Amino acid sequence: SAVISQKPSRDICQRGTSLTIQCQVDSQVTMMFWYRQQPGQSLTLIATANQGSEATYESGFVIDKFPISRPNLTFSTLTVSNMSPEDSSIYLCSAMTVATNEKLFFGSGTQLSVL
Amino acid sequence: GEDVEQSLFLSVREGDSSVINCTYTDSSSTYLYWYKQEPGAGLQLLTYIFSNMDMKQDQRLTVLLNKKDTHLSLRIADTQTGDSAIYFCAESKKSYQKVTFGTGTKLQVIP
């Protein structure tokens, strides 16, 4: 398996501010994804983080609101910009790696509360 | 479409078997997964099955796939209190592609 470290694990933020979540994978990564899990809901894919190029966003998600970086193979960040209470969710980094035989593994998530 | 549906809740007694069902709409899905999420934690991959298989067994877990009916199930034998969690069914078309998750089934194990 792979170890996916995500931080912060939780944060409480004020409306209108931005939060950047970091994700580090301990092995060779083929794909990285960011998911959102709203309270009591399933996981929704935000975007695929592409190394060295712009992320590929799913319908309903835009770069201005959720800018994503992936400067190298094993590291990515997701920023939640200009936050509102509706952004309160768990944000999950995930990756497929050579070590996981391309199966999707998850970090422990970031619990975000926006006041 | 890419809808993946599950029943919301299942309650079983400790020691009984649990069966969690999942229906997906896209018959071209190639990989099907079961994930477990405990409170306050990320998702743990439990098992997976390729679409060319009908069944896969891994210790207490048995996955059954009916590709014709696009139906997937997870059977947990001798269910324990530690199995209490939310279970997500998920699918993807092929390797290196995004994974779509079901609505999740909350399993409650009664001692």
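Of all the listed residues (A:S42, A:S27, A:S9, A:S76), the sole one being within 11 Å of another protein chain (Cβ to nearest Cβ) and in contact (Cβ under 8 Å) with a residue 40 or more places away in the chain is A:S9. Looking across region A:22-51, the residues that are surrounded by 20 or more Cβ atoms within 10 Å (Cβ to Cβ) and farther than 17 Å from B:F101 by Cβ come down to A:C23, A:V25, A:V29, A:A49. From the list A:S108, A:S94, A:S88, which residue is away from chain B (no Cβ under 12 Å), in contact (Cβ under 8 Å) with a residue 12 or more places away in the chain and not aromatic (F, W, Y)? Of the residues listed, the single one that is away from chain B (no Cβ under 12 Å), in contact (Cβ under 8 Å) with a residue 12 or more places away in the chain and not aromatic (F, W, Y) is A:S88. With the checklist (1) away from chain A (no Cβ under 14 Å); (2) under 24 Å from A:S94 (Cβ atoms); (3) at pLDDT below 95 in hand, flag the one item B:P111 doesn't pass. All conditions are met except number (2). The single condition among (1) assigned to a strand (DSSP E or B); (2) modelled with pLDDT of 95 or more; (3) farther than 22 Å from B:Y87 by Cα that A:W34 does not meet is (3). Under the condition of being under 21 Å from B:K36 (Cα atoms) and assigned to a strand (DSSP E or B), the residues counted in region A:37-51 number 5.
All told, B:D58 falls short of being at pLDDT 90 or above and farther than 15 Å from A:K103 by Cβ.
Candidates are the residues of region A:57-73 that are outside any loop (DSSP other than H, G, I, E, B) and surrounded by fewer than 19 Cβ atoms within 10 Å (Cβ to Cβ); the one that is nearest to the other protein chains (Cβ to nearest Cβ) is A:Y57. Within the bounds of region B:65-80, is there any residue that is closer than 26 Å to A:L112 by Cβ, of a type outside the set (A, V, I, L, M, F, W, C), more than 10 Å from chain A (Cβ to nearest Cβ) and out of contact with any helix residue (DSSP H, G or I) (no Cβ under 9 Å at 6 or more places or on another chain)? Taking every residue of region B:65-80 in turn, none turns out to be closer than 26 Å to A:L112 by Cβ, of a type outside the set (A, V, I, L, M, F, W, C), more than 10 Å from chain A (Cβ to nearest Cβ) and out of contact with any helix residue (DSSP H, G or I) (no Cβ under 9 Å at 6 or more places or on another chain). Checked against (1) within 24 Å of B:A41 (Cα to Cα); (2) of a type in the set (D, E); (3) in a loop (DSSP other than H, G, I, E, B); (4) without any contact (Cβ under 8 Å) to a residue 60 or more places away in the chain, A:E54 meets all criteria but (1).
Scan region B:40-55 residue by residue and report those that are of a type in the set (S, T, Y) and at pLDDT below 90. Within region B:40-55, B:S51 is the sole residue that qualifies.
For A:L19, are the conditions met, namely being in contact (Cβ under 8 Å) with a residue 12 or more places away in the chain, surrounded by 13 or more Cβ atoms within 10 Å (Cβ to Cβ), touching a Pro at 6+ places or on another chain (Cβ under 9 Å) and over 22 Å from B:E38 (Cβ atoms)? Against the criterion (in contact (Cβ under 8 Å) with a residue 12 or more places away in the chain, surrounded by 13 or more Cβ atoms within 10 Å (Cβ to Cβ), touching a Pro at 6+ places or on another chain (Cβ under 9 Å) and over 22 Å from B:E38 (Cβ atoms)), A:L19 qualifies.
The values are calculated or read from the model by the stated rules, or taken from the named source; none is laboratory data. A quick note: this is a predicted structure, and the numbers were derived from the prediction, not measured. Here the Cβ is made from the backbone with ideal geometry for all residues, glycine too, and neighbour counts use every protein chain on show.
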